[in-house]
Structure formats: C-alpha cells, structure tokens
Amino acid sequence: MSTAFRLEAVRQTYAGRTVLDLDFLEVRRGEILALVGPSGSGKSTLLRLLNFLERPTEGRVWYEGQATDGERTPLELRRQVTTVFQHTVLQKASVRANVAYGLRLRGQPTDGRVRSLLASVGMGELAGAQARLLSGGEKQRVALARALIFRPRVLLLDEPTANLDPYNVGLIEQIVRAENREHGTTVVLVTHNVFQAHRLAHRTGLVLNGGLVELADTPVFFASPADPRTAAFVSGEMVY
Amino acid sequence: MSGLLGGEIWADLLPIIFLSLRVTGIALAICTVAGVPIGAILGLTRIPGRRLVTAILYTGMGLPPVVVGLFVYLLLSRSGPLGALGWLFTPRAMILAQAVISFPLVTGLTMTAIQSVDPSFRQQMRALGATRLQEIWALLREARLGVVAGIVAAFGSIISEVGAVMLVGGNIAGKTRVLTTAIVLNTRQGEFQPAILLGVILLVLAFLANLAMLRLQGRSG
Ligand SMILES: Nc1ncnc2c1ncn2[C@@H]1O[C@H](COP(=O)(O)OP(=O)(O)O)[C@@H](O)[C@H]1O
Ligand SMILES: [Mg+2]
C-alpha cells in the first residue's frame, strides 16, 4: 500500500455549479505533490475534500485504502490529515497555546515538544507573545507549527506562502522539505507559484476549470509537458 | 464636607449601596445564565426564524427601561397575571425588571461576539483534528471576551437605571431604595450632600464597569 489518497470520479458541485471534476487522482505516500493552476480552478476545494472537511457530491475519496465520508470519516483517520490555509486564523491566545492545541485536543502531553517545534520554526523567542500581534510570516510559521505538532501523516498546504516575503517563503519551504524527508510526511502543496512547485515537489499537476490537465514528475512537468496548456501555464503565457 | 466622609451619614447610605449591588448582581446573574446560552445558540446555528429573533433582540436593546418597568408593574400588580406572588414593591420586582432590561443586551452581544469570529475559524480547528464539540468549545473561547464585555455593559446600564426600579420598587426607605432612586429623592428634598455622594459612587461604579469593558475589548479587538 503506497497510496495515501485515491480519488475516483470525484465531482464537487455547489448550488448546481460543478467546480471540481476529477476522473482519477492518486497521492503517493511520502511524496510532495504540487498542484498549480489559476485561481478559481478548484484547488482549495480539492484540499477540503482531502482533509475530509467536505464530502464530494459524487465519487469517493479513498484514504489509506479506506473509503472515507467527509466529516463522518472516523476521527482517528481524520486526525492524520491537516491543512495549513492561506489565511490562517489563530486563536486569541499565546503562540505557545496555539501550537499546543492539536496535542491538547488529542489528550496528549504538550511538554517539551511545543518548545522544540517553536524553536525549529524560528519562533522560540515569541512563544509567549499574543498570536494576533504576529506578522504575516510569523503567523504562517505558527500555522505550520500547530499543524506539525501532532505529527500528521498528510500535510495539505493551501498557498501557504502567498504574500510572504522571500525570507519567510524560504524558511517555510525548508521546514516542509525537512518534515517530508525526516518523517515521510505526505505533502500536497497548492500554489500558484510554479517556481515553488519546481523547488519542492516530486510530482506536479495542473488543475484547470476543476479538472486535472496533467500530472507528472516535476522535471518532466516543467521540461517536457505533454499538454500544451501545461506548457503555456509553466511559461507564464497562459492568460486567465 | 467633613461630616460627609467620616460621619454617620454612611449608616444611611451603605444599605442603599449594598442593595443596589445586590439587585443588579442577581439580575445580572439571571440574565447571564439565560442569555449567554441562548445567544450562543443563535450565534452558532442557522435556524429559520433567526432573523426574526435577532430583530426582536435589537428592539429589546433599544426598549426604554421605563417601558419594561411598566410591563413588569402590570405583570406583578395585584390584578396582574403574577400578582399572587406579591413581588411588587420588593427587591424581587426590581431584580425582575433589571433582568428583563439586560437580557437582550447580554443575549445580543453574545450572539454578535460569536458571529464576529472569522468564519474560517471553525474549519481550521476541525482541520487540526477537533471534534464537533471541541470545535464549538474553541469558538466559544474565542468569543469569550465579547461575551464578558456584554455582561459588563449590562451591569453599567442597569445599575444606573432609574425609571423601572422606581416604578416596580417604589423607592421605599430601607427596603427598595437604591442608588438612583435615592438620588432622585434627595435632590427633590434639597438634600444635595447625600445626593452628590451617591452620584459620585454611581459614577465610580459605572466608570469601573466601562473601564473593565474597554480593557476587555482592547484585548479582544
Ligand atoms: N463553499 C462554496 N460554495 C460555493 N462556491 C464555492 C465554494 N467554495 C468554492 N466555490 C467556488 O468554486 C470555485 C473553485 O474555488 P476554489 O476551490 O477555492 O479554487 P482555487 O483554490 O483554485 O482558487 C470558485 O469559483 C469558487 O467560487
Ligand atoms: Mg484557493
């Protein structure tokens, strides 16, 4: 079993409008998969399905070989997958309390782990600070820390570095790469930054109008895409 | 003025101050116990008719307290539906009136506090592994400063209210005389010293309540 997710004939429809329509998608265990595509193409919707936050209108999401059912997916499976969103909303509490949350709700001890994780995202000094006073980059690093604290098997990233400065982008990419290497964490990264996909991902896919145009090993995706729309998107010529 | 601060005048005034605090405190406790859960449910759910309930709450917030006093008076008067309780012209009548006045405020501000949490917050908590119950608990914690601010605002408004407690309490010396009604009476009788003293105490209480509210809002904003 080397498949983390398998989606078959999955369709998501809001108020009669289909925004996602995938014949097939497989996410391999332990890979970093990047999904690129213009805004509105259905990338965030796909991540909500992968995080069991919604159930697809049609089709099924298989996780670790088991059929899942949106929010009704068994808690132990649900808790293996998490998302870092583009617009992180932190709790009105200290940085430390925000990061400890995932452990507390699992009834696990927080000792030591919070401190060392905060240090590894460069937030050790700000552990006691009020989370709402942080800068955008600091917020996203806390968001990453609060997701990684319970050691998820799958980390979903929804444009986690959009609008961040190069220093924070670099830091976050480094943390994600390390997490994937050291713990075998499966990562699905949604980004409209093709360079970021190129830097991080083992495989990259293009999502367009709710469909998956092409999915290939990252070097192939960028150097010799099969679909002309991929070539256009990668070269920045796609008009959308 | 020397007689004011050291003298026997306190023997008259202290019971008034304590009764004010007791009536308002109990009224506040009642409307908190009732209003916070109801406001939370209104803020959390999308039940049909919520808009109507909200409109009623906002109307309630803007209701002149003296009108509430009139309703409570009619309710408790000898021939009224609750006349048999014999509550009219007792502290209980004043507690009831103050609880009714502050209920929409506490309920409405609780609802608003919960609704003003970022709509994405719940989904993000769930993505971190929260159960439905844990997610709601996190949301309530997130809104707690707004809820407390509502309770403090209610305190400030009912402790300084005069019309309703005058109507239903009757301003009876040693029985239903509170800060506001004592000030009215003293002033009418030309006894300005105790009136001013009570006024200052009322001001200080209202000021402290507002100070607490501003601090809380500063922390939650
Ligand atoms: N909950 C929802 N209700 C209705 N429409 C939605 C909802 N979520 C997303 N959409 C619509 O689905 C489309 C795809 O959105 P999204 O998945 O956010 O795209 P992307 O993340 O690629 O920008 C958009 O047109 C968006 O307006
Ligand atoms: Mg999106």
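Computed over neighbours whose Cβ is under 9 Å from that of B:Glu135, the net charge equals +3, Lys and Arg +1, Asp and Glu -1. Remark: C-alpha extents of chain A on the principal axes read 50, 39, 36 Å, sorted largest to smallest. Only lysines eight or more places from A:Lys92 in sequence, or on another chain, were considered; those with a Cα closer than 29 Å are A:Lys43, A:Lys139. A straight line joining the Cα centroids of the range B:145-199 and the range A:23-99 runs 57 Å.
Counting Lys and Arg as +1 and Asp and Glu as -1, what is the net charge of the other residues whose Cβ lies under 12 Å from the Cβ of A:Phe5? That sum, taken over residues with Cβ under 12 Å, equals +1. Bridgeable aspartates and glutamates around B:Lys175 (alpha carbons under 13 Å apart, same-chain partners fewer than 8 residues away excluded): B:Asp12. For the peptides A:133-142, B:94-103, B:202-211, A:200-209, the ranking by mean Cβ contacts within 10 Å, running from highest to lowest, is B:94-103, A:200-209, A:133-142, B:202-211.
A:Leu75 sits among other residues whose Cβ lies under 13 Å from its own Cβ, and their net charge, with Lys and Arg +1 and Asp and Glu -1, is +2. On full extension, the segment bounded by A:Arg11 and A:Thr57 gains 16.0 nm, given 0.36 nm per residue less the C-alpha separation. With θ taken as phi - 60° and the Karplus curve 6.51 cos²θ - 1.76 cosθ + 1.60 applied, the whole-hertz 3J(HN,Hα) list for the range A:60-69 is 9, 9, 9, 10, 6, x, 10, 6, 10, 9 Hz, x standing for glycine and proline. Across the range A:152-169, rounded Karplus estimates of 3J(HN,Hα) from the backbone phi angles (6.51 cos²θ - 1.76 cosθ + 1.60, θ = phi - 60°) give x, 7, 10, 10, 9, 10, 9, 6, x, 10, 4, 6, 9, 6, x, 4, 5, 4 Hz, Gly and Pro being marked x. Here the 3J(HN,Hα) profile of the range A:71-78, calculated from phi with Karplus coefficients 6.51, -1.76 and 1.60 at θ = phi - 60°, is 5, 8, 4, x, 3, 5, 6, 3 Hz, Gly and Pro shown as x. Converting the Cα gyration tensor eigenvalues of the range B:20-178 into ellipsoid dimensions via √(5λ) gives semi-axes, longest first, of 36, 15, 12 Å.
Distant-in-sequence amide contacts of A:Thr83, defined by a placed amide H-H separation under 5 Å and a gap of 5 or more residues or a different chain, comprise A:Leu156.
Label zone (B:Arg46, point 7 Å along Cα-to-C-beta; backbone nitrogen cut-off 15 Å) within the range B:113-133: B:115, B:119-123.
Readers should treat all values here as calculations from the given coordinates under stated rules, not as data from a laboratory. Just so we're clear, the structure is a prediction, and the values are computed from it rather than from any experiment. With ideal geometry, Cβ positions are generated from the backbone for all residues, glycine too; neighbour counts draw on all protein chains shown.
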